[in-house]
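The structure appears right after this line, and notes come after that.
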Amino acid sequence: MLIKRPADIAPSEITPRALFDGRRDFIRTAGLGLGAALIGAGLPPAARAAGHGGQPLGPLVKSPYSTSEKLNDYSDITGYCNFYEFGTDKSDPARNAHRLKTRPWTVSIEGLVNKPKTLAIEDVLKLAPLEERIYRLRCVEAWSMVIPWVGFPLSALLKQVEPLGSAKYVEFTTLADPQTMPGVRSGVLDWPYVEGLRLDEAMHPLTLIAVGLYGEVLPNQNGAPMRLVVPWKYGFKSAKSIVKIRFTDKEPVSSWTRAASREYGFYSNVNPDVDHPRWSQARERRLGEFTKRKTLMFNGYGDQVASLYTGMDLQKNF
Ligand SMILES: Nc1nc2c(c(=O)[nH]1)N[C@H]1C(S)=C(S)[C@@H](COP(=O)(O)O)O[C@H]1N2
Ligand SMILES: [Mo]
């Protein structure tokens, strides 16, 4: 985000990339020959139309929280990524993340809890019914996408460890493996990538642990095997490839706040009235569209989440 400002992303850059990714998808799908019939019956027609070469997840429960907006293409969602551990260019994660080893994988849940636990990813997947949640994602760089995630509410995971009354925040730490992640060998951020939420934000029913998209297992570049999705906040809050969750009584310091505290605050709620110091947040470009859209307060999730911030000055708590 320090590297690539929205003004730097010319429409001409998008088209060749989409073509490139389209071609790769074709090769992958043809090679593995996964039939559409294998994919969960709960998916919308666009998602059911064709497999994308990943392992199908299902059956999936439909969520009342899903938007009915047009989905972004699989190639945009998996080819235009921010995952700085794999490089800062939008196409770097798709190119490099095949090196990420997602098995074995464990996540430890610790800190101010009664029952700290380390869970294998296989057990995480059994905690709750998998849902399809179609959410808007708004990046702080002023672009957005609509993504059909597969996952379950983070609250189902957090309840496992019985948080203490003194726990006020939840901190998420993600994998930092210099062997497989070229970005971790560079100094672009302080690794590991850390993010945080207030406990009530973490427990909110919209807050998701995503383990898949488009009905299939999460591609590595999107944060496999488990990542956070907090749809009313800028995308950087949605930490990828989580290995540790810690309950604390102090506000966690995220990697982006550490890198530039004037630019990236703790709350990071999508807010068209609070500009980034270097660019406006009033509008956004939906990938695949050329006319900019107006950015909505809380990314359009205000009905569900505005009450979390009653009485707070959102200019100060940006
Ligand atoms: N570990 C980790 N998580 C991360 C990032 C990152 O660089 N590293 N980038 C964030 C940013 S800036 C965005 S916009 C979203 C992008 O998610 P997507 O590529 O699946 O759309 O991931 C977030 N999670
Ligand atoms: Mo982002």
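The values are calculated or read from the model by the stated rules, or taken from the named source; none is laboratory data. What you see is a predicted model; the values in this text were computed from it and never measured. In this analysis, Cβ positions are derived from the backbone assuming ideal geometry, glycine residues included, and neighbour counts consider all displayed protein chains. Just the protein is used for accessible areas: all its heavy atoms, side chains included, with ligands, DNA and RNA removed. Shrake-Rupley method; radii C 1.70, N 1.55, O 1.52, S 1.80 Å.
Does region 53-123 come out rounded, prolate or oblate by the C-alpha gyration tensor, with a ≥ b ≥ c the root eigenvalues, rounded set by a/c under 1.5 and, if not, prolate when a/b is larger than b/c and oblate if not?
Oblate shape, in that a/c is at least 1.5 and b/c is the bigger or equal ratio.
Looking at the P(r) of region 256-318, how many percent of alpha-carbon pairs lie beyond 20 Å?
The answer is 33 percent, as a whole percent.
Taking only protein heavy atoms into account and a 1.4 Å probe, give the accessible area per residue of region 149-190 in Å².
I get 38 Å² per residue for this part.
Taking the Cβ of T102 as the centre, find all other residues whose Cβ is under 15 Å away and add up their charges (Lys, Arg: +1; Asp, Glu: -1).
Charge balance in the 15 Å sphere: 0.
From the phi of every residue in region 243-250, what ³J(HN,Hα) in whole Hz does the Karplus formula 6.51 cos²θ - 1.76 cosθ + 1.60 yield, where θ is phi - 60° and glycine or proline is x?
10, 8, 10, 10, 8, 9, 9, 10
Run the numbers for A306 and D249: contour at 0.36 nm per residue of separation, minus the present Cα-Cα distance, in nm.
In short, 18.2 nm is gained.
Could you estimate the translational diffusion coefficient of region 154-205 from the Stokes-Einstein equation, with Rh from the Kirkwood formula over C-alpha pairs, at 25 °C and 0.890 mPa s, in whole µm²/s?
189 µm²/s
Return a whole-number percent for the relative contact order of region 222-313, with Cα pairs under 8 Å and 6 or more residues apart as the contact set.
Taking the mean separation of contacting Cα pairs over the length of region 222-313, I get 23 percent.
Work out, step by step, the length gained on full extension between S186 and K168: first 0.36 nm times the residue separation, then minus their alpha carbon distance; give nm to one decimal.
3.2 nm
Once region 179-248 is represented by equal point scatterers at the alpha-carbon sites, with solvent omitted, what log10 I(q)/I(0) does the Debye formula produce at q = 0.15 Å⁻¹?
Those come out to -0.55, one per q.
Where Lys and Arg each count +1 and Asp and Glu each count -1, what net charge lies around P59 among other residues with Cβ under 12 Å from its Cβ?
It works out to a net charge of -1.
In a shell of Cβ-Cβ distance under 14 Å around K168, excluding K168 itself, what net charge do Lys and Arg (+1) and Asp and Glu (-1) give?
Within the 14 Å Cβ shell, the charges total -2.
Carbon and sulfur atoms: what percent of the 1.4 Å accessible area of region 227-278 do they account for?
42 percent
Let me cross-check M312: its accessible surface, 1.4 Å probe, with only protein heavy atoms counted, in Å² to the nearest 10?
Accessible area, nearest 10 Å²: 50 Å².
Report, by chain and number, residues whose modeled amide H sits under 5 Å from the one on R283, excluding near sequence neighbours (fewer than 5 apart, same chain).
HN-HN under 5 Å from R283: T295.
Take every Cα pair under 8 Å in region 111-188 that's 6+ residues apart, average their separations, divide by the length, and report that relative contact order as a whole percent.
33 percent
Amide H neighbours of G196 under 5 Å, at least 5 residues apart or on other chains, H built in the peptide plane: list them.
Close amide H contacts, sequence-distant or interchain: F172.
For a protection proxy built on the mean count of beta-carbon atoms within 10 angstrom, sort 96-103, 189-196 highest first, please.
Averaged packing, sorted descending, gives the order 189-196, 96-103.
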